[in-house]
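Read the structure below first, then the notes.
The values are calculated or read from the model by the stated rules, or taken from the named source; none is laboratory data. On a predicted model such as this, the values are computed, not experimentally measured, just so you know. Cβ coordinates were reconstructed from backbone atoms using ideal geometry, including for glycine residues, and neighbour counts include every protein chain displayed. Heavy atoms of the whole protein, side chains included, go into the accessibility calculation; ligands, DNA and RNA do not. Shrake-Rupley method; radii C 1.70, N 1.55, O 1.52, S 1.80 Å.
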Amino acid sequence: GQQVMQIPQYQHVQEGEDFTTYCNSSTTLSNIQWYKQRPGGHPVFLIQLVKSGEVKKQKRLTFQFGEAKKNSSLHITATQTTDVGTYFCPSGANSKLTFGKGITLSVRP
Amino acid sequence: NAGVTQTPKFQVLKTGQSMTLQCAQDMNHEYMSWYRQDPGMGLRLIHYSVGAGITDQGEVPNGYNVSRSTTEDFPLRLLSAAPSQTSVYFCASSYSGSLYGYTFGSGTRLTIV
């Protein structure tokens, strides 16, 4: 099945800095979803990308699907303490999503 | 709509006891899944279902049973609780097709002593 890698597992930034993380796959993806889980909370669906090169924005968050549909990026402009949490890009068929460890973002105020 | 409702929110069990974690959704979603989350391990898929009467195993199914007699409900049964099953359990549901994300319940924090 499709396997998406997120590296590193942890990242620390100063409040106000920009932050970018990537999800990479060795195979072509049909689509990619992003989720955010706040500390102590449950995962929340953020967005789905389907088309090659697709870019979607949600306020300070920008999501991009690679031209070859093998990678995706999440860029956060001017991070805030509210951005703290773990971001997942699960892989697999929609009926059987596997989430992995995600990337945990901490923000120093 | 209530979304995905999980009960109980917290539970302490003794080793060897059995219990059922409840999950119900009111969105008429075909897909439902159970995940467990342990520190540093991310979310791991236990069992999933693509519709009433259809279930299948995920990454870590041992020690757990599921059934899906209705579209709304997807209970997770621990047959004989072990300390290794101490975890936070999340139920999630989604429409079929590739265009929709999953809605998660707020989780059940389970401790096996």
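Worth pointing out:
- Residue A:97 passes every criterion in (1) on the phi > 0 side of the Ramachandran plot; (2) under 15 Å from the mean Cα position of the chain (by Cα) apart from (1).
- Residue match in the stretch A:37-58 (condition: crowded, with 17+ Cβ neighbours inside 10 Å, farther than 30 Å from residue B:89 by Cα and of a type outside the set (Gly, Ala, Ser)): yes
- When every residue of the stretch A:15-26 is checked against the conditions, at least one turns out to be within 29 Å of residue B:107 (Cβ to Cβ), open to solvent by 70 Å² or more (accessible area, probe 1.4 Å), among the aromatic types (Phe, Trp, Tyr) and in a strand (DSSP E or B).
- Pair list, Cβ under 7 Å, 6 or more apart: the stretch A:82-97 residue touching a residue at least 12 places away in the same chain (Cβ under 8 Å) and part of a loop (DSSP other than H, G, I, E, B), other residue among the β-branched types (Val, Ile, Thr) and buried (at least 19 other Cβ atoms within 10 Å of the Cβ): A:84/A:107; A:89/A:4; A:89/A:32; A:90/A:98; A:92/A:98
- The set of residues in the stretch B:59-105 being crowded, with 16+ Cβ neighbours inside 10 Å, small (Gly, Ala, Ser) and facing chain A (nearest Cβ under 7 Å) consists of B:94, B:101, B:105.
- In the stretch B:28-48, the residue that is farthest from the other protein chains (Cβ to nearest Cβ) out of those that are on the phi < 0 side of the Ramachandran plot and open to solvent by 30 Å² or more (accessible area, probe 1.4 Å) is B:39.
- Residue match in the stretch A:59-79 (condition: charged (D, E, K, R), open to solvent by less than 70 Å² (accessible area, probe 1.4 Å), under 10 Å from the mean Cα position of the chain (by Cα) and at pLDDT 95 or above): no
- Taking the numbered list (1) modelled with pLDDT of 95 or more; (2) more than 9 Å from every other protein chain (Cβ to nearest Cβ) in turn, residue B:56 passes all entries but (2).
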